[in-house]
Amino acid sequence: MERLLINNIGLLATPEGQSARCGEQQGKIKLLEKAWLLAEDGRVAAVGSGAAPQLDAQVLDAQGKLVTPGLVDAHTHLIFGGWRQHELALKLRGVSYLEILAQGGGILSTVRATRAATEQELSDKAAAALHEMLCFGVTTAEAKSGYGLNTEDELKALRVIRRLNSEQPVELAATFMGAHALPPEYKENREEYLRLLCEEMIPQVAREHLAEFCDVFCETGVFTAEESRRILEAGKRCGLIPKIHADEIDPIGGSQLTREVGAISAEHLIVCPPEGIAAMAEAGTVACCLPATSFYLGATFAPVRDMISAGVPVAMASDFNPGSCPSLNLQFVMNLGCLKYRMTPEEVLTAVTLNAAAAIRRADRIGSLEAGKQADLVIWDAPDLNYICYRMGSNLAHTVVKKGKVVV
Ligand code: IZC
Ligand code: ZN
């Protein structure tokens, strides 16, 4: 048996449970002072405070620091070719995100670069990003396709995700997002692209077990709520769990759709209306909020306090992508959770651990430090939770442990 004993933990902070926490529960964190944690064969065997057990194990001295569960980044567009730094000048001239897209740039510029890239090139690039994420304390992440927009290139991206899952420590949950934009070759033929998505791509992705989730960009000029419903229903028929990019720029009904399709999560929700919040609360949908994208777009911030009051479990993620959030830093997202969403540090911790795990259907396995869960954790250069939410711009992750092994 492989044993790792982490002793001399100044403060161990973790949410508890095997499902998303909502309302007041989101801010309930278990705190153990002068703690230790024993991992056996990659899982948490026991957690306690006071004198650590004496047994035959590799010992890691936490030097009195803070320990939390490994962070979970539940929303990334990890697989893409190129970058979009040329859009910065356009943005500075006042051209909006949707205008850039309508002119054939934005997502479509990344589609051209992704189609031109080989599997190896995409894999090398994503592996570098994953290493950076791991250094920031992220031990599990979701990764979407969505820059291929044809069968071959969407499958190429999903195969890269599958391969990366076995080649590096960050576990990946794959999401098919062929409904990220209408590809230019279908500009005059929307219906045909919807048919391709529902009748060809989704069934093939499911047959090859290349994704767990199906996502759609429900937005003005992209996919309507009705089209989004069709795509997500087609995904469900093939066993793909619905996620939805809703209310990022315009509230066109995306968040209300969560109840209708039984979405596991809704993403962005920057301009989520009260009816959308009510729908998510009823459906038990996790609101996966992406404050670094609001920051980067110069947009407003999602009404997270209203969501928490309404009993919607809130997760936060990076939204790492080459357009609206070219950052992998989930610690910055935690800062923004406090400063812009007015969440407490305890609510923030739940949002980037247990609730993020729930958004990718893994709350039974990860997202908290309790006996039986995977031993994924971060030792922080910090004495407490307030400190990691208060400091900004530095990487405070000191040591990262994945499945009971030190990886950073
Ligand atoms: O590449 O712009 N919002 N999709 C929906 C994105 C942002 C990613 C991108
Ligand atoms: Zn996104």
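The values are calculated or read from the model by the stated rules, or taken from the named source; none is laboratory data. Here the structure is a predicted model, which is why all the values come from computation and not from measurement. Every residue, glycine among them, receives a Cβ derived from its backbone with ideal geometry; neighbour counts consider all protein chains shown. Please note that ligands, DNA and RNA were not included when accessible areas were found on the heavy atoms of the full protein model with its side chains. Shrake-Rupley method; radii C 1.70, N 1.55, O 1.52, S 1.80 Å.
Miscellaneous remarks
- Two-site label geometry, ARG93 and GLU199: point separation in nm, points 7 Å out along Cα→Cβ: 4.2 nm
- In region 117-250, the portion of solvent-accessible area held by carbon and sulfur atoms comes to 50 percent [1.4 Å probe, whole percent, DNA, RNA and ligands not counted].
- Kirkwood analysis of region 230-334, using all unique Cα-Cα pairs, places the hydrodynamic radius at 13.8 Å.
- By the Stokes-Einstein formula, at 1.002 mPa s and 20 °C, region 72-359 with its Kirkwood radius over alpha-carbon pairs has D equal to 116 µm²/s.
- Unit charges at the beta carbon, dipole of region 72-359: most positive-side option, GLN103, ALA263, ILE277: GLN103
- Between GLU208 and GLU167, the C-beta separation translates, for a Förster distance of 22 Å, into a calculated FRET efficiency of about 0.75.
- Simple rule: put +1 on each Lys or Arg Cβ and -1 on each Asp or Glu Cβ in the chain, find the dipole, and look at PHE213, GLN331, MET307; the Cα lying farthest toward the positive end is GLN331.
- Using the Cβ of ASP376 as centre and a radius below 13 Å, the other residues enclosed give a net charge of +4, where K and R count +1 and D and E count -1.
- Residue pairs, from the table LYS30/LYS65; LYS34/LYS373; LYS373/LYS405; LYS373/LYS403, whose Cα atoms sit over 18 Å apart: LYS34/LYS373
- Here GLU119 and CYS238 are evaluated by their C-beta separation; at R0 = 30 Å the FRET efficiency comes out at 0.80.
- Loop-resident sites, region 114-189, for trypsin sites (Lys or Arg not before Pro), counting at most 10 other Cβ within 10 Å (DSSP): LYS187
- Relative contact order [Cα under 8 Å, 6+ residues apart], the chain, whole percent: 23 percent
- Over all other residues within a Cβ to Cβ distance under 12 Å of VAL138, the charged ones net out to -4, with Lys and Arg as +1 and Asp and Glu as -1.
- Whole-percent carbon and sulfur share, accessible surface of region 258-408, 1.4 Å: 51 percent
- Pairs of lysine residues in region 72-359 that meet both criteria, 8 or more places apart or on different chains and Cα atoms under 27 Å apart, total 18.
- Here the dipole of region 72-359 is about 300 debye; that uses its Cα centre as origin and unit charges on the Cβ of Lys and Arg (positive) and Asp and Glu (negative).
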